[in-house]
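The values are calculated or read from the model by the stated rules, or taken from the named source; none is laboratory data. As the structure is a computational prediction, the values presented were derived from the model and not from experiment. Note: ideal-geometry Cβ built from the backbone for every residue, glycine included; neighbour counts use all protein chains shown. Calculation scope for accessible area: heavy atoms of the full protein, side chains included, ligands and nucleic acids excluded. Shrake-Rupley method; radii C 1.70, N 1.55, O 1.52, S 1.80 Å.
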Amino acid sequence: MSGNGSQNGQTPVLRTFQRRNMEQIPGFDKLTPERRRIVDVVSRVLPFKTNNYVCEQIIDWSNIPDDSIFQLTFPQEEMLAPEHFAEIAALVDANTPPKQIDEAARRIQRSLNPHPSGQVEMNVPRIDGEALPGMQHKYHETVLFFPSQGQTCHAYCTYCFRWPQFVQLDDLKFATKEGEKLVQYVREHPEVTDILFTGGDPMIMRTAVLRRYIDPLLAPEFERLTIRIGTKAVAYWPHRFVDDKDAADTLRLFEDITAAGRHLAIMGHYSHPNELKTEIAQKAVRNILGTGAVIRCQAPLIRHVNDDSDVWSEMMRLQVNLGCVPYYMFVERDTGAKRYFELPLADALEIFNGAYRQVSGLGRTMRGPIMSATPGKVHVTDITEVNGEKVFALRLVQGRNPEWTNRLFFAAYDPSAVWWEDLRPASFDDGFFFSDELNEMHLAAARNAADVVTRAPVTLSAKTRKNLVTVS
Ligand SMILES: *Cc1c(COP(=O)(O)O)cnc(C)c1O
Ligand code: SF4
C-alpha cells in the first residue's frame, strides 16, 4: 500500500496499554525501574491509558521524561501531592491487596475536585421537567451530548478533567443511551443550532453506533443544525480516519452528514505539533476534509506539554497548512493534577501572544487563553492599566446569559492567579457586571437540585448531593 501509513499493507489494530499490561508497552523497556514504579503508583489514582500508535510514532523515547507526548500520556510523580504519592507508594511496596489500594486511591480521587465549574448542578437540560443527564445545555445555541458508549478515549491525557468518567465514579458520570431524547430536546428548542458530540471521545464508538445518534439529526426538520464532534482520535488514533477496519465507514458517515446539507465540524484536540507530523495524522486530516467536513483545532495550555509560544505557533502553522482552522487555546481547569500542569494566567497570555504574533492572519482564528468557567468562556485578552491600576482585561466569548457575550470587564492584576476563582474585580468595580445575575442563577439551580437528585436516572453520591444543596 502506498502512502496510507499502514504497515505491510495490513489493517492497523489499536492496542491499548494500562497498568495491568504496561510491561508490554513499546518503549517501556527504555524506562528506568524508578520511572516504571512511578507509572505503577500514580496510575492507581490518575487514569492511565496509552496505545501502540502513540508509543511507536509520537513519543520520542530518547527524550524521557521531558518529551511532550510522554508528559501528555504518562503519569509523573509530581502529578500527585507528595503525601498522596507516599501513601500509595507505601501500599504498593508492601504488596497490599489491590482492593485496599483502590480504596485509598478512591479517597484521593474524591479530594481532587472531579466535577468543576458547576456542571452537575447548573447545566442539566430537561424534558417535561425530567433531567437528561447525558446532555448539557449551558450556552443558548449549543447542546453538548455525551453518548454513553463514548465515555473513554484511545489514550488518556494526564491532565484530563473528565477523568471521573474513566475511573468508575459512576455516580458522577453523565451518560445516556437515549438519542431520541436528544432529538426531542432539539425539536423543543429551536434556539439550538449546534449539537456537539463529546465524551470521552465519541470517535471511540464504532461508526454503526455513532450513526444511530447522528442519522436522526439529518432529517429535514433539523436543517438548521451544525454537527460538531469533539475528538482526540485525530491525534491518538488517526488510523480511524485512514485505514483501520472502521475507517471507510467513518468517512462515509461524514460524507452522509455533509451530503444532507449539514455542516460537520470536527473539533480536533491537538496538543502539540508532533501529533500532526506523522504521515498517518496528515492523511487523516486530508481524508476528513475530503468528506466536506471542517477541522477546528483546540487544546488546553499545559505546563510540561505545550507551555511555549514556539510550540503553539508551529502547531498553528501546521494546522493552517493542512487546511484546518485554529480555534481555542484553553486554560487548564481546576481539577485533578492541576498543580503540576497549571500556569499563571499572565504567563498563559504571554505564550498566546507570542504564538499569535508568529502566524499569519489565517492562524489568528485561534482565541485564547480561555477559561471555561461558571459564568462562561472567559477570554483573557490583555494586561493593561485603568485609572492607574494594573488589571486583566477580560471578555466573555460565551456567557451563561447570551447578553453577557463580548462585553469587556476587568479584574485586579494578580501574577499568581491561575484560574477564574483566583480573580477579584478591579478596585473601581463593586463586582463583575454579571455577578448578581449569576448568583441568582446559582440560587435557582440550588432550588432545582433536589429535583435533579430525585428524578435523574443516576445515583448521586453523598458528596455530590451535598455540593448540590450548597451551591448558593
Ligand atoms: C465551549 C463550549 C461550547 C461550545 O462553544 P463555542 O464557543 O460555540 O465553541 C458549548 N457548550 C459548552 C458547555 C462549552 O464549554
Ligand atoms: S482526549 Fe479529551 S476526554 Fe480523553 S483524556 Fe484527553 S482530554 Fe480527556
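The residue that is nearest to the chain's Cα centre (by Cα), counting only those in the stretch 325-336 that are assigned to a loop (DSSP other than H, G, I, E, B) and surrounded by 24 or more Cβ atoms within 10 Å (Cβ to Cβ), is E332. Any residue at all in the stretch 217-224 that's within 16 Å of ligand 1 (Cβ to nearest atom) and either out of contact with any helix residue (DSSP H, G or I) (no Cβ under 8 Å at 6 or more places or on another chain) or assigned to a loop (DSSP other than H, G, I, E, B) (or both)? Within the stretch 217-224 (the criterion being within 16 Å of ligand 1 (Cβ to nearest atom) and either out of contact with any helix residue (DSSP H, G or I) (no Cβ under 8 Å at 6 or more places or on another chain) or assigned to a loop (DSSP other than H, G, I, E, B) (or both)), the answer is yes, since at least one residue qualifies.
Look at the stretch 239-256: where a residue is in contact (Cβ under 8 Å) with a residue 24 or more places away in the chain and a partner is of a type in the set (K, R) and not in a helix (DSSP H, G or I), sitting 6+ places away or on another chain with Cβ atoms under 7 Å, you get D246/R206. Taking the criterion of being more than 16 Å from ligand 1 (Cβ to nearest atom) and among the aliphatic types (A, V, I, L, M), the residues of the stretch 191-215 that qualify are M203, I204, M205, A208, V209, L210, I214. Picking from residues in the stretch 187-204 that are surrounded by 23 or more Cβ atoms within 10 Å (Cβ to Cβ) and hydrophobic (A, V, I, L, M, F, W, C), the one that is nearest to Y270 (Cα to Cα) is M203. All told, R224 falls short of being within 16 Å of ligand 2 (Cβ to nearest atom), basic (K, R) and in contact (Cβ under 8 Å) with a residue 24 or more places away in the chain. The strands (runs of 3 or more DSSP E) found wholly in the stretch 225-314 and carrying at least 3 residues that are open to solvent by less than 10 Å² (accessible area, probe 1.4 Å) and more than 18 Å from A208 (Cβ to Cβ) occupy 263-269, 294-301.
Rundown of residues vs (1) assigned to a strand (DSSP E or B); (2) without any contact (Cβ under 8 Å) to a residue 12 or more places away in the chain, yes/no style:
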| site | (1), (2) |
| --- | --- |
| L362 | no, no |
| V380 | yes, no |
| E385 | yes, yes |
| A393 | yes, no |
| E403 | no, yes |
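Going through (1) within 13 Å of ligand 1 (Cβ to nearest atom); (2) basic (K, R); (3) within 19 Å of the chain's Cα centre (by Cα) one by one, R395 falls short only on (3).
Wholly within the stretch 58-114, which helices (runs of 4 or more DSSP H) include no fewer than the required count, namely at least 1 residues that are within 23 Å of the chain's Cα centre (by Cα)? First the steps, then the outcome.
Numbers: elements: 68-73, 82-93, 98-110.
Those helices (runs of 4 or more DSSP H) span 68-73, 98-110.
I'm checking my understanding of the structure. Among residues of the stretch 205-218 that are open to solvent by 20 Å² or more (accessible area, probe 1.4 Å) and not charged (D, E, K, R), which one is nearest to Y236 (Cα to Cα)? Explain how you work it out, then say what you get.
Of all residues in the stretch 205-218, those open to solvent by 20 Å² or more (accessible area, probe 1.4 Å) come to 206, 208, 211-212, 215-216, 218.
Filter again for not charged (D, E, K, R), leaving 208, 216, 218.
Numbers: A208: 21, P216: 29, L218: 28 Å.
Going through the qualifying residues, I end up with A208.
Cβ-Cβ contacts under 7 Å between residues 6 or more apart (or on different chains), taken from a first residue in the stretch 76-95 that is within 22 Å of D66 (Cβ to Cβ) to a second residue that is modelled with pLDDT of 95 or more and open to solvent by 60 Å² or more (accessible area, probe 1.4 Å), are listed as F85/E77. Number of residues in the stretch 5-62 that are small (G, A, S) and closer than 25 Å to A90 by Cα: the value is 1. Taking the stretch 376-400 as the range and being at pLDDT 95 or above and polar (S, T, N, Q) as the test, the residues that pass are T381, T384, Q398. No other residue among I64, I59, I108, I38 is touching a residue at least 12 places away in the same chain (Cβ under 8 Å) and surrounded by fewer than 17 Cβ atoms within 10 Å (Cβ to Cβ) apart from I64.
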